[in-house]
Amino acid sequence: MKDDSKYRFLQALSQSLDVTKAMEDAHISRSDAGKILEDASRALKAHSGSKKSMKCLHLYVDGASRGNPGAAGAGAIIKDEKGNVIKRFKRYLGVTTNNVAEYQALILALKGVADMGYGRVKIFSDSELLVKQINGEYGVKNRGLIPLYTKVCSLLSGLHEYVIIHIDRGDNRDADRIANMAIDEHL
(Lines give C-alpha, C1' and ligand atoms only; values in the text may rest on other atoms or scores of the structure.)
Protein backbone atom coordinates (compact mmCIF):
# COMPACT_ATOMS: atom_id res chain seq x y z
CA MET A 1 0.00 0.00 0.00
CA LYS A 2 1.29 3.45 -0.91
CA ASP A 3 2.10 6.04 1.73
CA ASP A 4 -0.24 8.54 0.05
CA SER A 5 -3.15 6.09 0.57
CA LYS A 6 -2.27 5.88 4.26
CA TYR A 7 -2.09 9.65 4.50
CA ARG A 8 -5.41 10.14 2.63
CA PHE A 9 -7.10 7.60 4.92
CA LEU A 10 -5.80 9.17 8.15
CA GLN A 11 -6.60 12.67 6.90
CA ALA A 12 -10.16 11.66 5.94
CA LEU A 13 -10.59 9.85 9.27
CA SER A 14 -9.44 12.85 11.27
CA GLN A 15 -11.96 15.04 9.47
CA SER A 16 -15.00 12.78 9.50
CA LEU A 17 -14.31 10.36 12.38
CA ASP A 18 -16.10 7.81 10.21
CA VAL A 19 -13.92 4.80 9.34
CA THR A 20 -16.17 3.63 6.51
CA LYS A 21 -16.24 7.07 4.88
CA ALA A 22 -12.47 7.45 5.30
CA MET A 23 -11.92 4.07 3.63
CA GLU A 24 -14.11 5.13 0.71
CA ASP A 25 -12.39 8.52 0.39
CA ALA A 26 -8.92 6.91 0.40
CA HIS A 27 -10.02 3.98 -1.81
CA ILE A 28 -8.67 1.35 0.59
CA SER A 29 -10.01 -1.94 1.92
CA ARG A 30 -11.14 -2.68 5.48
CA SER A 31 -8.05 -4.85 6.03
CA ASP A 32 -5.75 -2.03 4.85
CA ALA A 33 -7.54 0.39 7.18
CA GLY A 34 -7.04 -2.05 10.04
CA LYS A 35 -3.31 -2.29 9.30
CA ILE A 36 -2.96 1.48 9.18
CA LEU A 37 -4.73 1.87 12.52
CA GLU A 38 -2.64 -0.92 14.09
CA ASP A 39 0.56 0.79 12.87
CA ALA A 40 -0.64 4.11 14.27
CA SER A 41 -1.45 2.47 17.60
CA ARG A 42 2.03 0.89 17.78
CA ALA A 43 3.64 4.22 16.96
CA LEU A 44 1.70 5.94 19.74
CA LYS A 45 2.67 3.22 22.22
CA ALA A 46 6.33 3.58 21.26
CA HIS A 47 6.25 7.33 21.86
CA SER A 48 4.34 7.32 25.13
CA GLY A 49 6.65 7.91 28.03
CA SER A 50 4.74 8.17 31.26
CA LYS A 51 4.28 5.09 33.43
CA LYS A 52 0.80 6.29 34.38
CA SER A 53 -0.25 6.51 30.73
CA MET A 54 0.92 2.93 30.14
CA LYS A 55 -1.19 1.37 32.89
CA CYS A 56 -4.43 -0.01 31.53
CA LEU A 57 -7.67 0.98 33.22
CA HIS A 58 -10.89 -0.99 32.87
CA LEU A 59 -14.03 1.08 32.29
CA TYR A 60 -17.46 -0.41 32.88
CA VAL A 61 -20.19 1.83 31.47
CA ASP A 62 -23.97 1.63 31.37
CA GLY A 63 -26.93 3.85 30.69
CA ALA A 64 -30.45 3.42 32.01
CA SER A 65 -33.72 4.88 30.74
CA ARG A 66 -37.04 4.12 32.37
CA GLY A 67 -39.58 4.20 29.59
CA ASN A 68 -37.14 4.68 26.69
CA PRO A 69 -37.45 7.59 26.42
CA GLY A 70 -37.84 8.28 30.08
CA ALA A 71 -35.96 9.33 33.18
CA ALA A 72 -32.35 8.40 32.42
CA GLY A 73 -29.00 8.06 34.12
CA ALA A 74 -25.42 7.24 33.24
CA GLY A 75 -23.07 5.16 35.35
CA ALA A 76 -19.40 4.29 35.03
CA ILE A 77 -16.82 2.47 37.09
CA ILE A 78 -13.08 2.75 36.57
CA LYS A 79 -10.97 -0.14 37.83
CA ASP A 80 -7.25 -0.85 37.77
CA GLU A 81 -5.79 -3.93 36.07
CA LYS A 82 -6.30 -5.96 39.26
CA GLY A 83 -10.00 -5.11 39.46
CA ASN A 84 -9.77 -2.55 42.27
CA VAL A 85 -12.29 0.28 41.95
CA ILE A 86 -10.53 3.61 41.42
CA LYS A 87 -13.53 5.82 40.79
CA ARG A 88 -17.29 5.71 40.23
CA PHE A 89 -19.26 8.25 38.20
CA LYS A 90 -22.98 8.84 37.87
CA ARG A 91 -25.11 11.51 36.28
CA TYR A 92 -28.83 12.10 35.97
CA LEU A 93 -29.62 12.89 32.33
CA GLY A 94 -33.25 14.00 32.40
CA VAL A 95 -35.63 12.39 29.92
CA THR A 96 -33.85 10.64 27.07
CA THR A 97 -33.40 7.27 25.36
CA ASN A 98 -31.36 4.31 26.51
CA ASN A 99 -28.93 4.67 23.59
CA VAL A 100 -28.23 8.30 24.50
CA ALA A 101 -27.70 7.22 28.13
CA GLU A 102 -25.22 4.53 27.01
CA TYR A 103 -23.17 7.13 25.10
CA GLN A 104 -23.34 9.58 28.00
CA ALA A 105 -22.00 6.90 30.35
CA LEU A 106 -19.04 6.30 28.04
CA ILE A 107 -18.36 10.04 27.77
CA LEU A 108 -18.50 10.33 31.56
CA ALA A 109 -15.92 7.54 31.97
CA LEU A 110 -13.61 8.83 29.21
CA LYS A 111 -13.59 12.34 30.69
CA GLY A 112 -12.70 10.81 34.05
CA VAL A 113 -9.81 8.88 32.54
CA ALA A 114 -8.56 11.99 30.73
CA ASP A 115 -8.69 14.01 33.98
CA MET A 116 -6.70 11.27 35.72
CA GLY A 117 -3.99 11.28 33.03
CA TYR A 118 -4.24 7.66 31.92
CA GLY A 119 -3.79 6.67 28.27
CA ARG A 120 -4.76 3.00 27.95
CA VAL A 121 -8.24 1.65 28.59
CA LYS A 122 -10.37 -1.43 28.11
CA ILE A 123 -14.02 -0.42 27.89
CA PHE A 124 -16.77 -2.87 28.77
CA SER A 125 -20.39 -2.23 27.82
CA ASP A 126 -23.53 -4.34 27.53
CA SER A 127 -24.78 -2.12 24.68
CA GLU A 128 -24.16 -4.00 21.44
CA LEU A 129 -25.13 -0.91 19.44
CA LEU A 130 -22.61 1.32 21.23
CA VAL A 131 -19.77 -1.19 20.93
CA LYS A 132 -20.40 -1.94 17.26
CA GLN A 133 -20.71 1.76 16.37
CA ILE A 134 -17.46 2.65 18.14
CA ASN A 135 -15.72 -0.32 16.49
CA GLY A 136 -16.95 0.83 13.07
CA GLU A 137 -19.10 -2.26 12.48
CA TYR A 138 -22.33 -0.21 12.45
CA GLY A 139 -22.85 3.27 11.09
CA VAL A 140 -24.34 6.00 13.26
CA LYS A 141 -27.60 6.96 11.57
CA ASN A 142 -29.60 8.42 14.45
CA ARG A 143 -29.19 12.20 14.44
CA GLY A 144 -29.35 12.35 18.21
CA LEU A 145 -26.39 9.96 18.53
CA ILE A 146 -24.11 11.60 15.95
CA PRO A 147 -22.82 14.41 18.23
CA LEU A 148 -22.32 11.91 21.07
CA TYR A 149 -20.45 9.54 18.76
CA THR A 150 -18.27 12.45 17.62
CA LYS A 151 -17.52 13.40 21.24
CA VAL A 152 -16.60 9.80 22.10
CA CYS A 153 -14.27 9.60 19.09
CA SER A 154 -12.64 12.87 20.13
CA LEU A 155 -12.04 11.58 23.66
CA LEU A 156 -10.76 8.24 22.35
CA SER A 157 -8.30 10.01 20.05
CA GLY A 158 -6.59 11.42 23.16
CA LEU A 159 -5.74 7.92 24.40
CA HIS A 160 -2.64 5.93 23.56
CA GLU A 161 -4.65 2.73 23.20
CA TYR A 162 -8.18 1.50 23.75
CA VAL A 163 -10.41 -1.45 23.09
CA ILE A 164 -14.17 -1.61 23.57
CA ILE A 165 -15.74 -4.97 24.33
CA HIS A 166 -19.37 -6.11 24.47
CA ILE A 167 -20.21 -8.01 27.66
CA ASP A 168 -23.35 -9.65 28.99
CA ARG A 169 -25.69 -7.48 31.00
CA GLY A 170 -25.07 -9.67 34.05
CA ASP A 171 -21.37 -8.82 33.91
CA ASN A 172 -22.19 -5.11 34.03
CA ARG A 173 -24.47 -5.05 37.10
CA ASP A 174 -22.39 -2.54 39.07
CA ALA A 175 -22.43 0.09 36.32
CA ASP A 176 -26.16 -0.52 35.82
CA ARG A 177 -26.77 -0.06 39.56
CA ILE A 178 -24.90 3.26 39.50
CA ALA A 179 -26.84 4.50 36.45
CA ASN A 180 -30.10 3.65 38.22
CA MET A 181 -28.90 5.35 41.43
CA ALA A 182 -28.47 8.55 39.42
CA ILE A 183 -32.14 8.33 38.45
CA ASP A 184 -33.36 7.34 41.93
CA GLU A 185 -31.49 10.20 43.63
CA HIS A 186 -33.10 12.70 41.30
CA LEU A 187 -36.69 11.46 41.43
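The values are calculated or read from the model by the stated rules, or taken from the named source; none is laboratory data. On a predicted model such as this, the values are computed, not experimentally measured, just so you know. Note that each Cβ is placed from the backbone with ideal geometry, even for glycine, and that neighbours are counted across all protein chains shown.
Miscellaneous remarks
- Restricting the range 110-144 to residues that are of a type in the set (S, T, N, Q) and under 20 Å from residue 37 (Cα atoms), the residue that is surrounded by the most Cβ atoms within 10 Å (Cβ to Cβ): 133
- Within the range 11-19, the presence of at least one residue that is β-branched (Val, Ile, Thr), modelled with pLDDT under 85 and not assigned by TED's automatic domain parsing to the domain that holds residue 166 is confirmed.
- Residue 152 vs. criteria assigned to a strand (DSSP E or B), in contact (Cβ under 8 Å) with a residue 40 or more places away in the chain, in contact with a helix residue (DSSP H, G or I) (Cβ under 7 Å, 6 or more places away or on another chain) and assigned by TED's automatic domain parsing to the domain that holds residue 91: no
- Failed condition for residue 186, given (1) over 20 Å from residue 70 (Cβ atoms); (2) at pLDDT below 95: (1)
- Residues that are assigned to a strand (DSSP E or B) and loosely packed, with under 15 Cβ neighbours inside 10 Å, drawn from the range 71-85: 85
- Residue match in the range 89-109 (condition: among the hydroxyl-bearing types (Ser, Thr, Tyr), farther than 15 Å from residue 174 by Cβ and buried (at least 22 other Cβ atoms within 10 Å of the Cβ)): yes
- Of all residues in the range 1-17, those that are crowded, with 19+ Cβ neighbours inside 10 Å and within 19 Å of the chain's Cα centre (by Cα) total 2.
- Taking the range 60-70 as the range and being part of a strand (DSSP E or B) and either at pLDDT below 95 or touching a strand residue (DSSP E or B) at 6+ places or on another chain (Cβ under 7 Å) (or both) as the test, the residues that pass are 60, 61, 62, 63, 64, 65, 70.
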